[in-house]
Amino acid sequence: MIDEIRKIVAERLNETDDKGARLDGMVALRRTGPAVAPHVFVAGDDLSTLEINPRYPLMTVVSRLHKRLPDIRLGVVARGCDERAYVEMAKRNQIDPERLVILGFACTAEEALECYCAEPFPKNLVVGTPAAPGPQNPIVAKYDTMTLAERRAFWKQQFVKCIKCYGCRNICPECFCEACAMEDKAWVEPGFLAPPFPAFHLIRAMHMASRCIACRQCEHTCPAHIPLTVLYDLMRRDMEALLGYVPGADLAALPPLSVTLEQTPLLLGDAHDPATIPLAPIGR
Amino acid sequence: MDYKNTLTTCIYCGCGCQMNIETLDGQIIGVWPSKTQEISQGKLCIKGWNVTSFSDHADRLTTPLIRKNGELVEASWDEALTLMAERLGAIKTESGPDSVAFLASAKCTNEENYLFNKLARAVFNTNNIDHCARL
Ligand code: SF4
Ligand code: SF4
Ligand code: SF4
Ligand code: SF4
């Protein structure tokens with residue numbers, strides 16, 4: 001797998017398109033000694049240092065480069081979740097699709113299991129064979145059986161561990177707002193730990209409703225081991241059931257929270273028991 | 001395009017969390033927690049995530065300062081260290097070792113703080129040592 005990826009990256013970096021243009025670089029992971037970090041490989045680089053683990057949100061690197069270098073054309077070595085992150089970022093003008101080539105590879109069945117991944121491969125699949133989807137997070141199934149009071153108690157117990165590092169937001173490929181509501185004094189008074197319950201964590205949950213593509217980066221970077229993606233999995237399930245929107249699935253599909261809210265009030269229909277929705281949405 | 005991630009250790013406390021400082025053409029554009037080392041395992045606290053906020057801050061000291069005629073003046077390390085050795089030596093002779101307190105920093109490594117404690121106790125002969133986190 002990794003050898004094939006390295007070979008294809010080398011080929012792509014040396015290829016010219018019909019206008020004679022080459023890619024300016026390939027975003028991927030690079031090993032330096034024992035450490036691995038995001039990198040931009042260029043033609044002629046030693047590709048034996050290219051790695052696919054551990055996972056970083058590489059589309060954020062693409063976005064940072066696209067914004068700062070308006071002419072740059074990049075490739076990216078992507079997993080399924082990277083490609084889905086790209087879809088939601090591109091439709092919000094964080095990445096220019098015209099300047100990006102996605103070289104996708106399939107995750108292993110074990111990775112799909114660890115990530116509770118519904119689609120452990122990208123659509124631009126170049127290397128590997130798709131593995132079967134992973135299972136649902138068992139906490140989600142358990143959550144469905146809880147009463148409202150139990151759910152509240154569950155999150156209270158989880159959120160009180162939060163050290164307010166903002167790592168979940170910082171690492172999330174879908175959190176790119178210049179002014180973040182989680183730093184707005186109106187919602188989150190500075191200087192207190194744990195942060196206000198449940199506003200702090202529900203701000204992000206609400207904002208992830210049409211954005212979270214379930215890469216699990218936030219949960220992995222959470223020093224307090226809060227099962228954050230349970231919240232977002234529930235949000236995504238509702239988005240699909242109520243509004244037919246699946247984040248990451250379709251570049252042309254407009255996010256319902258951007259188009260519907262102004263005009264039509266959202267109806268929380270019978271697809272889901274409204275009593276199970278603990279609190280009113282928070283937004284700005 | 002010169003894109004780099006430079007692996008480094010957080011300077012804010014003695015834990016030693018590691019992060020990559022992400023730069024483009026010499027400008028810092030981000031921080032990625034290191035996922036490949038055992039101490040912090042891809043996690044950081046709020047200080048670590050914001051560790052670069054002072055790096056090109058206008059108030060950052062880049063040389064030692066010596067107060068001359070009431071004014072802080074930039075100085076070389078040689079000049080600053082020589083002055084400190086002379087003054088501390090003189091104070092110790094005049095007023096005794098317990099006339100001075102040593103205040104260490106939580107932003108230094110354990111090893112640096114160990115050496116600082118050695119300097120206070122073994123060289124200067126005082127137990128007056130504490131650290132900034134208690135100030
Ligand atoms: S979420 Fe996990 S299994 Fe799914 S595509 Fe991403 S890395 Fe692969
Ligand atoms: S899983 Fe977490 S990091 Fe990934 S898109 Fe969803 S909220 Fe963001
Ligand atoms: S939490 Fe909300 S406001 Fe903050 S960066 Fe993420 S999407 Fe934007
Ligand atoms: S990563 Fe975890 S500890 Fe940090 S702000 Fe998010 S929920 Fe809180």
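The values are calculated or read from the model by the stated rules, or taken from the named source; none is laboratory data. Predicted, not measured: the structure shown is a model, and the values here were computed from it. For neighbour counting, all protein chains shown are included, and Cβ atoms are generated from backbone atoms with ideal geometry for every residue, glycine included. With ligands, DNA and RNA removed, areas are computed over all heavy atoms of the protein, side chains included. Shrake-Rupley method; radii C 1.70, N 1.55, O 1.52, S 1.80 Å.
Quick notes
- Degrees, to the nearest 10: A:80-90 long Cα axis against longest axis of chain A: 80 degrees
- Tilt relative to chain A, helix A:2-14 - C-alpha long axis, 0 to 90 degrees, to 10: 60 degrees
- Centre-to-centre separation between the Cα atoms of the range A:197-212 and those of the range A:72-103: 23 Å.
- Ratio Rg/Rh [Cα only; Rh per Kirkwood] for the range B:53-129: 1.02
- Those aspartates and glutamates that a straight Cα-Cα span of less than 14 Å connects to A:K123, excepting residues fewer than 8 apart in one chain: A:D82, A:E83, A:D250
- When the Gaussian network model of chain A links Cα atoms closer than 10 Å, the mean-square fluctuations of A:H66, A:H201, A:H225 top out at A:H225.
- Area projected by the alpha carbon convex hull of the range B:3-49, averaged over all directions, nm²: 3.1 nm²
- Its residue count N sets the reference 2.2 N^0.38 Å, and the alpha-carbon radius of gyration of chain B equals 1.33 times that reference.
- Element breakdown for chain A at a 1.4 angstrom probe: carbon and sulfur atoms account for 56% of the accessible area.
- Chain B packed on chain A takes about 2200 Å² of accessible surface away from a 1.4 Å probe, both sides summed.
- Crossing angle, helix B:77-95 versus chain B [Cα axis fit, 0-90 degrees, rounded to tens]: 40 degrees
- Averaged over residues, the count of other Cβ atoms within 10 Å places the peptides A:247-254, B:53-60 in the sequence A:247-254, B:53-60, highest first.
- Remark on the range A:27-119: hydrodynamic radius 14.0 angstrom, per the Kirkwood mean of 1/r across alpha carbon pairs.
- Pairs of alpha carbons in chain A whose separation is greater than 37 Å (percent): 17 percent
- Protein heavy-atom accessible surface, 1.4 Å probe, per residue over chain B: 65 Å².
- Stretchable slack from B:A58 to B:T82, in nm (0.36 nm times residue separation minus alpha-carbon distance): 5.9 nm
- Set the Cα radius of gyration of the range A:64-197 against 2.2 N^0.38 Å, with N its number of residues, and you get 1.34.
- Test item: B:41-47 mean partner chain Cβ contacts at 10 Å: 6
- Rounded to 0.05, the FRET efficiency of the B:T126 and A:A179 pair, given R0 = 60 Å and the Cβ-Cβ distance, is 0.75.
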